[in-house]
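Asker: After the structure tokens below, expect a handful of questions from me.
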């Protein structure tokens with residue numbers, strides 16, 4: 001009897017972020033402040049799942065090229081959808097999702113060449129600085145925290161602003177405005193992390209001056 005190959009648990013955790021993302025978006029567009037606050041909690045859960053899938057993959061020896069691709073795919077889907085939704089709700093400037101869309105399109109297209117060579121996207125950097133910016137645990141964790149704080153905080157600010165003005169104390173309205181400003185600042189911090197981690201991929205993909213060769217090409221001397 002032929003044994004059916006099962007999907008790794010880590011990959012299932014990664015894929016679970018997609019339906020969770022749909023629920024978060026629906027809650028953000030709900031009129032109820034409680035629903036919007038719940039979306040903030042689910043944002044934290046979604047970011048937590050991003051760390052959990054990597055932990056499970058290492059513990060269960062499920063680390064794979066496909067897993068790394070799925071991880072980037074889920075990350076990109078979550079961040080792009082969330083930034084676009086927040087811009088549509090008027091919580092952040094549209095410049096933020098534009099930066100993320102442009103950066104994601106360029107960087108992910110360049111990373112696809114790593115995958116074509118059988119190399120995980122985060123492990124394709126050639127320089128020490130590039131490897132640290134793109135793949136170090138410190139940079140990846142800091143970037144994830146910046147996004148989590150921004151996404152959850154904007155959801156909370158959105159919830160506070162949804163209370164009717166006539167039923168809301170002035171202090172709560174002030175808190176909503178302060179929260180919105182604060183989490184716009186953290187959103188721009190996440191943009192800085194986004195660009196800092198994407199720029200090395202672009203730079204290392206540019207042709208070098210020695211004969212127009214690319215850093216992606218095999219450096220083995222040819223006859």
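Asker: Which residues, taken from region 20-34, are in a helix (DSSP H, G or I) and modelled with pLDDT of 95 or more?
Answerer: If the condition is that a residue be in a helix (DSSP H, G or I) and modelled with pLDDT of 95 or more, then 20, 21, 22, 23, 24, 25, 26, 27, 28 are the ones that fit.
Asker: Which ones in region 156-184 are at pLDDT 95 or above and either assigned to a loop (DSSP other than H, G, I, E, B) or touching a helix residue (DSSP H, G or I) at 6+ places or on another chain (Cβ under 6 Å) (or both)?
Answerer: 183
Asker: Say we look at region 39-67 and pick out the residues that are within 19 Å of residue 142 (Cα to Cα) and at pLDDT below 85; which of these is nearest to the chain's Cα centre (by Cα)?
Answerer: Among those residues, the one meeting the criterion is 50.
Asker: So, one more: Taking the condition assigned to a helix (DSSP H, G or I), within 13 Å of the chain's Cα centre (by Cα) and either modelled with pLDDT of 95 or more or surrounded by fewer than 16 Cβ atoms within 10 Å (Cβ to Cβ) (or both), does residue 85 pass?
Answerer: Answer is no for this residue.
The values are calculated or read from the model by the stated rules, or taken from the named source; none is laboratory data. Please read these numbers as outputs of a predicted model, since none were measured by experiment. Ideal geometry is used to build each Cβ from the backbone, glycine not excepted, and the neighbour counts take in all protein chains shown.
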